[in-house]
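One structure is given below, encoded as structure tokens.
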Amino acid sequence: MKLHGTIFVLITLIFTIAMATTLNVHVCTWNVGGTTPYHDDVTPLLGLEMDADIIAIGFEELKDPADWADEVDRILSKHSYYRVKVTTMTLMQQCVYAKKIHLPFLSHVESEYTKTGFAGAYGNKGGTSVRFRLYDKTVALVNSHLAAHMENVRQRDEEYWNIMSEQTFDDPLTEHLYQHDYLIWSGDLNYRIDYYNDEVRDSIENGKYLSLLSYDQLKNEQQSGHAFIGFHEADITFPPTYKFDPAML
């Protein structure tokens, strides 16, 4: 089981930029499992009630990437958002939008991608990124889909490092992802709860999510310095998100 979103994860971040201006960034990632947006209403994922300044959506396991980007465009265009960038890599897609009032202060937009599926030959796994300057800060947004299965912890770690090290940009002050003022990473990371299935399900049924964190592969890899060093994750107050049967929620 996984504590980190396979269905979708919503994150709202706040950071301070020039002239003490505070901006809200809403980040969503969703493994859509080959479905189309016409089977589900995408609107609840977009955090419109939060009035975010930046909205970033990542999709994994797409059937037709154009369908999803068009649907997100249709919804956000009604709320004064402008498409900053959409980048697609095989079965993955990342869409970034900004409120139109910020466009005069947004520049140096670039995107990158790293394939990690089948030893880097295929883009079913890997990561995409969109970076830009906003006022006097640099921002990089990453969406990734890492290797599946309980036993592939080291492979997930390696894919993280591949994405982090291989993606470079033209901006000389922020050539690498880690050089940005703000680096926000989302996706279907595929780290699991490395514990007995029955015990995990019992803890879930009793709402004891915190007791499972000591078996969380991602947190353990972070603490061991193997991956995602320096990243801060919001408190986990929800049950594991893997694996639901389609149409059962």
*Under 17 Å from a label point 7 Å along Cα→Cβ of Lys63: give me every residue in the range 89-107 with its amide N that close.*
91-93
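How large is the translational diffusion coefficient of the chain in µm² per second when you combine the Kirkwood radius over alpha carbon pairs with Stokes-Einstein at 20 °C and 1.002 mPa s?
D = 115 µm²/s.
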*asked:* Set the bar at 32 Å for Cα to Cα. Now go through Lys100/Lys208; Lys85/Lys125; Lys99/Lys219; Lys99/Lys125; Lys125/Lys219 and name every pair that lies beyond it.
replied: Lys100/Lys208; Lys99/Lys219
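May I ask you to derive the relative contact order of the chain, considering only C-alpha pairs under 8 Å and at least 6 residues apart, and to give it as an integer percent?
Numbers: 494 pairs, mean separation 48.1, N = 249.
Relative contact order here is 19 percent.
At a 1.4 Å probe radius, carbon and sulfur cover how many percent of the accessible area of the chain? Could you put the intermediate results ahead of the total?
Working: 6290 of 12260 Å².
About 51 percent, which is the carbon plus sulfur part of the accessible surface.
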_Near-label residues of the range 25-69 by backbone N, under 16 Å of a point 7 Å along Cα→Cβ of Phe238_ = 26-33, 41-50, 56-60
*Between Ser224 and Asp198, what is the spin-label point distance in nm, taking each point 7 Å from the Cα along the Cα→C-beta axis?*
2.7 nm
*Where the centre of each part is set by its Cα atoms, how far does the range 184-227 sit from the range 72-122, in angstrom?*
29 Å
*asked:* Cut-off 10 angstrom, C-alpha nodes, Gaussian network model of the chain. Which of Asn124, Asn162, Asn206 fluctuates the most?
replied: Asn206
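Which percent, nearest 5, of DSSP beta bridges in the chain are antiparallel? Please list the in-between numbers first.
Values: 42 of 56 bridges.
Taking every DSSP beta bridge with both residues in the chain, the antiparallel ones total about 75 percent.
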*With no solvent and one point on each alpha carbon, what is the Debye value of log10 I(q)/I(0) for the range 30-118 at q = 0.12, 0.20, 0.21 Å⁻¹?*
-0.37, -0.98, -1.06
*Give me the accessible area per residue for the chain, probe 1.4 Å, as a whole number in Å².*
49 Å²
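The values are calculated or read from the model by the stated rules, or taken from the named source; none is laboratory data. Worth saying up front: this structure is predicted, and the values here are computed from it rather than measured. Reconstructed Cβ throughout: ideal geometry from the backbone, glycine too, with neighbour counts over all protein chains shown. For accessibility, only protein heavy atoms count, side chains too; no ligands or nucleic acids. Shrake-Rupley method; radii C 1.70, N 1.55, O 1.52, S 1.80 Å.
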